[in-house]
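Down below is the structure, laid out as structure tokens.
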Amino acid sequence: SQKIEQNSEALNIQEGKTATLTCNYTNYSPAYLQWYRQDPGRGPVFLLLIRENEKEKRKERLKVTFDTTLKQSLFHITASQPADSATYLCALETGANNLFFGTGTRLTVIP
Amino acid sequence: DTAVSQTPKYLVTQMGNDKSIKCEQNLGHDTMYWYKQDSKKFLKIMFSYNNKELIINETVPNRFSPKSPDKAHLNLHINSLELGDSAVYFCASSAGSGNTGELFFGEGSRLTVL
């Protein structure tokens with residue numbers, strides 16, 4: 001069965017630096033991969049979707065890459081701010097209407 | 001105007017009781033889901049419905065019974081609650097079928113079984 005590993009449970013970085021979060025998966029490559037943000041006590045919020053034929057996707061200070069050879073996605077937040085502190089989840093589809101989530105990385109941006 | 005709303009937000013109950021969580025989406029989406037997030041924050045799919053029809057039923061005890069009266073609602077009923085059922089339950093929806101696309105989540109319902 002598909003398995004997702006997100007690099008670390010927690011990541012602390014200094015404000016202004018670039019945060020890089022890793023999502024590795026096993027088995028088959030999905031047609032697309034998604035990233036979500038979850039704040040404490042809230043539901044996950046969609047950030048970006050990247051398809052298998054796309055190498056990179058950007059949205060404002062966010063950038064996602066997708067390497068199907070390495071079976072890895074990288075999620076970057078440039079010029080990080082304390083407001084970016086949250087848990088970030090990667091997710092990939094394992095079948096129709098079935099989105100499988102990783103355990104998330106809790107990012108803390110230190111002022 | 002909340003897109004995906006679920007009630008109640010908090011639920012504290014005794015073992016053996018039966019409880020329900022309601023979910024409604026006003027996005028006009030065809031597909032709705034229930035996810036369970038445990039204490040380790042792992043978000044696991046339980047069910048998905050497309051246009052009121054069950055599409056996915058993961059290995060969930062049959063004490064959990066989803067009901068979709070129409071495509072805007074997906075309720076979750078849990079019988080004979082157990083301690084291990086304590087978790088946060090999230091409802092979500094997405095447009096279309098066959099291709100999951102972006103999920104819109106509710107704020108979650110925290111269930112505590114004593």
Tell me the accessible surface of A:THR65 in square angstrom (1.4 angstrom probe, heavy atoms of protein chains only), to the nearest ten. 30 Å²
Probe radius 1.4 Å, ligands and nucleic acids left out: can you give me the accessible area buried at the A-B interface, summed over both chains, in Å² to the nearest hundred? 1700 Å²
How much net charge surrounds A:GLN34 when only the other residues with a Cβ under 10 Å from the Cβ of A:GLN34 are counted, with Lys and Arg +1 and Asp and Glu -1? -2
Choice from B:THR13, B:THR31, B:THR59 showing the highest fluctuation, given a GNM over chain B with Cα pairs closer than 10 Å: B:THR59
Can you sort B:PHE104, A:PHE46 by 1.4 Å-probe accessible area, starting with the largest? B:PHE104, A:PHE46
Relative contact order (percent) for chain B, with alpha-carbon contacts under 8 angstrom and 6 or more residues of separation? 36 percent
Within the accessible area of the range B:60-113 (1.4 Å probe), percent carbon and sulfur: 53 percent
Which whole-Hz ³J(HN,Hα) couplings does the range B:36-48 yield from phi under the Karplus relation 6.51 cos²θ - 1.76 cosθ + 1.60, θ = phi - 60°, glycine and proline marked x? 10, 10, 8, 5, 8, 6, 6, 9, 10, 5, 10, 9, 9
Chain B - accessible surface per residue (Å², probe 1.4 Å): 49 Å²
Filter on A:LYS55/B:LYS41; A:LYS3/B:LYS52; A:LYS3/B:LYS40; A:LYS71/B:LYS41 - keep pairs with C-alpha separation over 21 Å: A:LYS55/B:LYS41; A:LYS3/B:LYS52; A:LYS71/B:LYS41
Tell me, what does the Kirkwood hydrodynamic radius of the range B:52-114 come to in angstroms if you use every pair of distinct C-alpha atoms? 13.4 Å
Under the Karplus curve 6.51 cos²θ - 1.76 cosθ + 1.60, θ = phi - 60°, whole-Hz ³J(HN,Hα) for the range A:65-72, x wherever Gly or Pro sits: 10, 9, 10, 6, 6, 7, 6, 8
Which percent of Cα-Cα pairs in chain B sits in each 10 Å bin, short to long? 15, 51, 29, 5
For the range B:11-112 the trypsin sites (Lys or Arg not before Pro) that pass both the DSSP coil test and the at-most-12 other-Cβ-within-10 Å test are B:LYS40
Radius 12 Å from Cβ of B:LEU114, net charge of other residues (Lys, Arg +1; Asp, Glu -1): -2
Roughly how much of A:LEU11 is accessible, in Å² to the nearest 10, using a 1.4 Å probe? 40 Å²
For chain A, which whole percent of the accessible surface, found with a 1.4 angstrom probe, sits on carbon and sulfur atoms? 49 percent
Give, as a single signed number, the net charge of other residues whose beta carbon lies under 11 Å from the beta carbon of B:THR7, with Lys and Arg counted +1 and Asp and Glu -1. 0
Give, rounded to the nearest 20 debye, the magnitude of the charge dipole that the protein assembly as shown has about its Cα centre when Lys and Arg contribute +1 at Cβ and Asp and Glu contribute -1 at Cβ. 220 debye
Could you tell me what a quarter of the Cα convex hull surface of the protein assembly as shown works out to, in nm² with one decimal place? 12.4 nm²
Excluding ligands and nucleic acids, what accessible area in Å² is computed for B:GLU82 using a 1.4 Å probe, to the nearest 10? 90 Å²
Once the mean of 1/r over all distinct C-alpha pairs in the range A:1-89 is inverted, the Kirkwood radius in Å reads 13.6 Å
Electrostatic dipole magnitude of the range A:43-108 [Cβ: Lys, Arg +1; Asp, Glu -1; Cα centre; debye, to 20]: 120 debye
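The values are calculated or read from the model by the stated rules, or taken from the named source; none is laboratory data. Worth saying up front: this structure is predicted, and the values here are computed from it rather than measured. Glycine gets a Cβ as well: all are built from the backbone with ideal geometry, and neighbour counts include every protein chain shown. These accessible areas exclude ligands, DNA and RNA; they are computed on the full protein's heavy atoms, side chains included. Shrake-Rupley method; radii C 1.70, N 1.55, O 1.52, S 1.80 Å.
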